[in-house]
Amino acid sequence: MTALQDPPPLILLVDDEPDILVALEDLFEADFRVKAAHSGAEALEFLAGEPDVAVIISDQRMPEMTGDVFLSHARRYSEAETILLTGYADLSSVTAALNKGGIVGYAPKPWDPEALSAMVGAAVSRHQLRRALNEERSLLRGLMAHLPAAVAVKDRDGRFIRINQRKALSLGVAVEDGLGLTEPELGGGLGRTDAESRARQEGRTIEVLEEVESESGAQWFETAIVPVPDASGEVRHLVIVERDVTDEKLAEMHLRQSDKLRALGTLAGGVAHDFNNLLTAIIGSLELATRRLGDEGAVRRYLDNATMAAQKGATLTQRLLGFSRQTESRGAEVVNLAEILAEARDLVERTLGGGARISWNLIDDLWMSAIEPDQFELAVLNLAVNARDAMPGGGRITISAWNQAVETAPPGLDLNPGDYAVVSVQDTGEGMTPEVLARVLEPFFTTKPVGKGTGLGLPMAYGFAQRSGGALEICSEPGQGTEVKIYLPRASPREAMPDVGSGDGQGLAPDTGGRRILVVDDETPVRAVTVGFLRDRGYQVVEVDSADAALNLLGRDSAFDLALVDFAMPGMNGVEFANRAQAAWPDLPIILITGYFDVAVPPGIILVHKPFSNATLQAALDRVWAQ
């Protein structure tokens, strides 16, 4: 079936002499559609019903209405190119036709057929070009008006030359009032200057995701900055397209949390089993210790065993809280990747269950990297889950890590030369076809059955690698399994320099200087441990079981060097107490103790997570005394 073609352009011939019309029809009918009219009035009637005429050729000397008058009326109906024919050297008529009828050509009678044909051909080309430009202008105007995004066009100085209504509303101005001004002058887009400069310099589209706090909560805006080069290749204009992607971002976060909760469901049985083992060790060790109070060595062994089991339980709890929390990442920090992988080992193996054999091949001196630790752990877990799901009949997963100096990036990988720590997750599964491999990084694309996956695992890992300054590489062939590598840039020696801690806190008791501490906790066993730690260190301690009691005590006796307060208490919680205490006694330092992973604390408040050791508590006190 052949594509439909546009009909030939239409030419309107106007002359009161039939012989002239016949001659003109013979000249043009082979290349154009031709319509003949014997008077200006007849031609105007035709134009009223058929305005899409490319060229009008009109005689000048006609009864009732001369050519220049007819062409001036014709402008009301049509944008056709117009050519005037006359057998008289009437300069005033030609001038009138130029001024009123907008003629583009003038041909004397008798005409030269080649010259007139060339004149008409050029007029048709101009008409088609003008119509195409009008269509483009109309399309652009419609796109700017109806696209569900804020759109702007900037010149090389960053001044607006086009903005649509959405963009004008976001800037708080009328469309016409924003033209000729820069975005900073209108109070917007202050954070995209670098991105716009990069788009101009690199000649490629730059995408930016911005989070903005509003009265209704956090909003996310995705901005595409598109450079538009001229014929010489110089970027003279930028097209800025901004979309509100808050709904998509929230949906992505909810789906990611759903994936975490599904993984936690898999973990639940193993975690319960582990805690039962730990509690058995703790309870049994303490019971044995009480039976052997006269044997100091045996008591110490059993107490050490109970302490070790409790510490393992605390570590497992913290990792579960960190994995399941719904908050955003806390940001990049320089970390030891090998330690994170070692700590994540239990989490990964318990999530995967017994459906796959897992091998770990990690070098000891893996380079450190500046990353988001929780997102790194989640990326590895997602890759491991994908690997397991690619082997429904079982198989082997190998998780490896090594150091690699990259001089030339692998084909298709946007990776700068440099040193990288590489983490690999490899399976012996089905592999992927080229068609699937081309789409696996698309959000929500999945080959798993409905309800078995969201299609966010690989895109999440890819986004993490990009944010970290690295890259993600996927190597896969049908029947040959899949290997996914995450390249993470090595931290500079200055970045990787460890912080100098305060020691293990087990040495000589500090010089307390008679410091007096107020302990506020509604849980009697926990409060007893906290008070015991402090008194063993030589501090003077006063304890109360509620925030209200603490405020009443401070009202009578405010001579305390520090308040150490639990977060979760009935009535008034620790943060509410801190706010009221700081207002009344601004010089009173406060340490907040909590068993929750994420607690928003007022400025200046030091946070200590439960369960804590003597050393951890002393380190927090040292921070207070150092202020």
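Just so it is clear, none of the values below were taken in a lab; they were calculated from the coordinates. These figures come from a predicted structure and were not determined experimentally. In this analysis, Cβ positions are derived from the backbone assuming ideal geometry, glycine residues included, and neighbour counts consider all displayed protein chains.
Would you please give the residues with an amide H less than 5 Å from that of residue 491, counting only those at least 5 places away or on a separate chain, with H modeled from the backbone geometry?
The answer is 368, 369, 370.
Give a residue-ordered list of calculated ³J(HN,Hα) values for the range 16-29 (Karplus: 6.51 cos²θ - 1.76 cosθ + 1.60, θ = phi - 60°; whole Hz; x for Gly, Pro).
For the range 16-29, the Karplus curve yields 7, 9, x, 4, 5, 4, 4, 5, 5, 4, 4, 6, 10, 5 Hz.
If you take the square roots of the eigenvalues of the alpha-carbon gyration tensor of the range 516-626 and sort them as a ≥ b ≥ c, do you get rounded (a/c under 1.5), prolate (a/b over b/c) or oblate?
Verdict is rounded for the range 516-626.
For residue 580 and residue 556 in one chain, what is 0.36 nm times their gap in residues minus the Cα-Cα distance, to one decimal in nm?
So the extension gain works out to 7.1 nm.
How large is ³J(HN,Hα) for each residue in the range 48-64, as worked out from phi by the Karplus curve 6.51 cos²θ - 1.76 cosθ + 1.60 (θ = phi - 60°), to whole Hz, x for Gly and Pro?
Result, ordered by residue: 5, x, 9, x, 7, 10, 7, 9, 10, 10, 10, 6, 8, 8, 10, x, 6 Hz.
Would you list, by chain and number, the aspartates and glutamates whose Cα falls below 12 Å from the Cα of residue 154, excluding same-chain residues fewer than 8 positions away?
183, 196
Quick one: dipole size for the range 147-244, taken about the Cα centre, charges +1 on Lys/Arg Cβ and -1 on Asp/Glu Cβ, in debye to the nearest 20.
Here the range 147-244 has a charge dipole of around 380 debye.
Expressed in nm², what is the orientationally averaged projection area of the convex hull enclosing the Cα positions of the range 10-140?
Quarter of the Cα hull surface area: 7.7 nm².
Give me, ordered by chain and number, the residues 5 or more places off residue 519 or on other chains with an amide H under 5 Å from its own placed amide H.
542, 543, 544, 564
Label points 7 Å out from Cα along the Cβ direction at residue 622 and residue 239: separation in nm?
Going from the residue 622 label point to the residue 239 one covers 6.0 nm.
Name the long-range amide H neighbours of residue 471: under 5 Å, sequence gap of 5 or more, or other chain; modelled H, no Pro or chain starts.
Sorted by chain and number, the residues that satisfy this are 487.
Relative to a virtual label point 7 Å from the Cα of residue 303 in the Cα→beta-carbon direction, which members of the range 521-537 show backbone nitrogen distances below 20 Å?
The answer is 525-537.
Assign unit charges at the C-beta atoms only (+1 for Lys and Arg, -1 for Asp and Glu), then state the dipole size of the range 10-140 relative to its Cα centre in Debye, rounded to the nearest 20.
The dipole magnitude comes to about 620 debye.
How large is ³J(HN,Hα), in whole Hz, for each residue of the range 105-120 in order, when computed from phi with the Karplus curve 6.51 cos²θ - 1.76 cosθ + 1.60 and θ = phi - 60°, using x for Gly and Pro?
x, 9, 10, x, 8, x, 8, 8, x, 5, 5, 5, 4, 5, 5, 5
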